[in-house]
Amino acid sequence: GRSSNLAAARYATSSAVAPLDTPLDSVSLPPPLPDYVAPSETKIKTLSNGVRIASEQLPTPAASIGLFINCGSIYETPISSGASHLLERMAFKSTTNRSHLRVVREVEAIGGNTLASATRECMTYTFDALKTYVPEMVELLIDCVRNPAFLEWEINEELQKIKAELEEVSKNPERLILEAVHSAGYSGALANPLLVPESAIDRLNSDILEEFVTENYKGNRIVLAASGIEHEEFLQIAEPLLSDLPAGPPLNEPKSVYVGGDFRRRADSPSTHFALAFEVPGGWNNEKDTVTLTVLQMLMGGGGSFSAGGPGKGMHSRLYLRVLNEYQQIHSFSAFNSIFNNTGLFGIYGSTSSDFVSRAVEIAAEELLVLATEGSVSQLMIKRAQEATKSAVLMNLESRMIIAEDIGRQILTYGERKSVHAFLKMVDEVTLRDITNMAKKIISSPLTMASYGDATNQLAASSVLNKWRHELEAGDGVN
């Protein structure tokens, strides 16, 4: 072994060895891959009742289908409060044509995966399986959405599970706080809870769910989207199952007004959790600001005080370099956003030891103020954030389930699916001035704060914020 290694070393260093780019005799190379491959086209058809059916062909053996509805907690009334959360739990239960056991067996028989989720603006039902079973997937998915039986025993069973879920949420400060910034920050529909309120658990029943579905599941508010399916084939299967759905009146989204607010929950906890949030006017309908905000969030980054891995984990971001690496008392510190059609929230979430919370809140405020100061961010930082943003988007779009969701959600918001290349171009066009102006716009809106932990130190944090707000109004900067 030793002699062969020495021979290999002599061979590797010999000047007689031909360079690696030397053409080999009698070897023909295949043509190189093209520099540009045209993306798959998203095809859309609108039925007479307003239902939109969209798909994108992909060279994969599997397909994902999603049914997206403009219907979430913002459309709830005091009577139907919590209905969307319960509908999420009741998805793929018994229908008027199938028992729950039959639904489960049919999904298992084709090796499929089903999922339902409820957000403030959208209900989503998805089915993922091999392309061979597209007819079965479409028929079962539409049956579960259009014809739910809402059996009382199934509803009661899910309400008991929701009770257990609410108990778990009450022990999860991060989820509790991120929910609280919406209820405290908004007046109107966006203040509606995303989870079933405890007061509504004993009130919700099949009649409320049926009325909520009948009122909101209308043709002009529904998009059926798929990735991995040829469009004409998809239409032949789906159109007959959706063409008789009532059209419904023009969509009138309930109003929400951002007002800012304060939420505090006292808890016997060794650490205190908090969030500072501000409004981002315009939401998804203001594309330029939304793209700038996305780059800004990537620029700030953050995370936990310990993150395994290298820069890919975000350890190059400002909140890692300037906060987590400098203050050992801070356990986590990260930027977040929550964007809706016409408005949104941007802020910083953190957790720290209870005796350090006042300073931590002050640090969060300073980080936002620094971004609003000219010359505080270098071009290199912006470039890194832009590349990280594009990488995150493109890697997510490698998933056929996310492609289907992207198609459905974009059509609900814009009426079309915009090209990913147009989005990437907008990311590249974000400038230092855009970041500074966005930071100024954010911190000029009323503050929303939510906190969980030691009540004594929360009062101290409030006084720090009052001082910071005074400095902000006076136009003072922070270095």
Revision key, fill the gap. Sorted by chain and number, the residues with a modelled amide H under 5 Å from that of residue 259, at a separation of 5 or more or across chains, are 186, 187
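Using 0.36 nm per residue, how much length does the chain from residue 130 to residue 174 gain when fully extended, once their Cα-Cα distance is taken away? Can you show the working numbers first?
Values: separation 44, 0.36 × 44 = 15.84 nm, distance 3.70 nm.
Answer, rounded to one decimal: 12.1 nm.
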Review point. Considering the dipole of the range 43-241 built from charges on the beta carbon (Lys and Arg +1, Asp and Glu -1) around the Cα centre, which of 115, 130, 91 is farthest to its positive end?
Key: 130
Point to revise | Relative contact order, percent, the range 180-287 [alpha-carbon distance under 8 Å, six or more residues apart] | key: 48
Study note, to complete from the structure: Surpassing 28 Å at the alpha-carbon level, of the pairs 131/163; 255/425; 45/131; 43/161; 43/441; 163/441, are 131/163; 255/425; 43/161; 43/441; 163/441
Check your understanding: Simple spin-label model, 7 Å along Cα-to-Cβ: residue 342 to residue 28 in nm?
Key -> 6.4
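What percentage of the solvent-accessible surface of the chain, computed with a 1.4 Å probe over protein heavy atoms, is contributed by carbon and sulfur atoms? Numbers along the way, then the final one.
Details: 12580 of 23380 Å².
Carbon and sulfur atoms account for 54 percent of the accessible area of the chain.
Taking the Cα centre as origin and putting +1 on Lys and Arg beta-carbons and -1 on Asp and Glu beta-carbons, what dipole magnitude results for the chain, to the nearest 20 debye? Each step should come with its number before you reach the end.
Numbers: 42 positive and 58 negative charges, 198 e Å.
My answer is approximately 960 debye.
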Check your understanding: When the convex hull of the Cα atoms of the range 43-241 is projected onto a plane and the area is averaged over all directions, what value comes out in nm²?
Key -> 12.0
Review point. For the chain, with every protein chain kept in place, what is the accessible area per residue (1.4 Å probe, Å²)?
Key: 49
**Study point:** the range 227-286: radius of gyration and largest Cα-Cα distance (Dmax), Å
**Key:** 22.9, 59
Study note, to complete from the structure: the range 130-203 and the range 58-77 have their Cα centres apart by a whole-number Å value of 15
Review point. Taking θ as phi - 60°, what are the ³J(HN,Hα) couplings along the range 127-142 by the Karplus curve (6.51, -1.76, 1.60), each to the nearest whole Hz, with x for Gly and Pro?
Key: 9, 10, 6, 5, 4, 3, 9, 4, x, 5, 4, 5, 5, 5, 4, 5
Exercise for review: Name all residues of the range 398-442 having a backbone nitrogen under 14 Å from the label point set 7 Å from the Cα of residue 253 along its Cα→Cβ direction, giving them as ranges.
Suggested key: 409-416
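In what order, largest first, do 420, 181 sit by accessible area if the probe radius is 1.4 Å? Show your work: numbers first, answer last.
Working: 420 40, 181 0 Å².
Result, largest first: 420, 181.
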Practice item. Considering only DSSP beta bridges where both residues belong to the chain, give the percentage that are antiparallel (nearest 5). Key: 85
Check your understanding: How many angstrom lie between the C-alpha centres of the range 400-414 and the range 230-289?
Key -> 13
Check your understanding: With point charges of +1 on the Cβ of Lys and Arg and -1 on the Cβ of Asp and Glu, referenced to the Cα centre of the chain, which listed residue (324, 200, 59) lies farthest in the positive direction of the dipole?
Key -> 324
Practice item. Please report the orientation-averaged projected area of the chain, defined via the convex hull of its C-alpha atoms, in nm². Key: 31.6
Revision key, fill the gap. Percent of all alpha-carbon pairs of the range 208-341 at distances over 21 Å, whole number, is 67
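Report relative contact order for the chain in percent, whole number only (criteria: Cα-Cα under 8 Å, sequence separation at least 6).
Values: 814 pairs, mean separation 93.0, N = 479.
Value for the chain: 19 percent.
Quick one: dipole size for the range 326-467, taken about the Cα centre, charges +1 on Lys/Arg Cβ and -1 on Asp/Glu Cβ, in debye to the nearest 20. If you can, show how the numbers build up before the last one.
On the way: 13 positive and 15 negative charges, 81 e Å.
Charge dipole, the range 326-467, about its Cα centre: 400 debye, nearest 20.
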**Study point:** Vicinal HN-Hα couplings computed from phi for the range 401-417 (Karplus, 6.51 cos²θ - 1.76 cosθ + 1.60; Hz; Gly/Pro x)
**Key:** 5, 6, 4, 4, 5, 4, 4, x, 5, 5, 5, 4, 7, 9, x, 7, 9
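The values are calculated or read from the model by the stated rules, or taken from the named source; none is laboratory data. Predicted model only: the values in this text are computed from it and were never measured. Note that each Cβ is placed from the backbone with ideal geometry, even for glycine, and that neighbours are counted across all protein chains shown. Side chains are part of the model used for accessible areas, which takes the heavy atoms of the whole protein and leaves out ligands, DNA and RNA. Shrake-Rupley method; radii C 1.70, N 1.55, O 1.52, S 1.80 Å.
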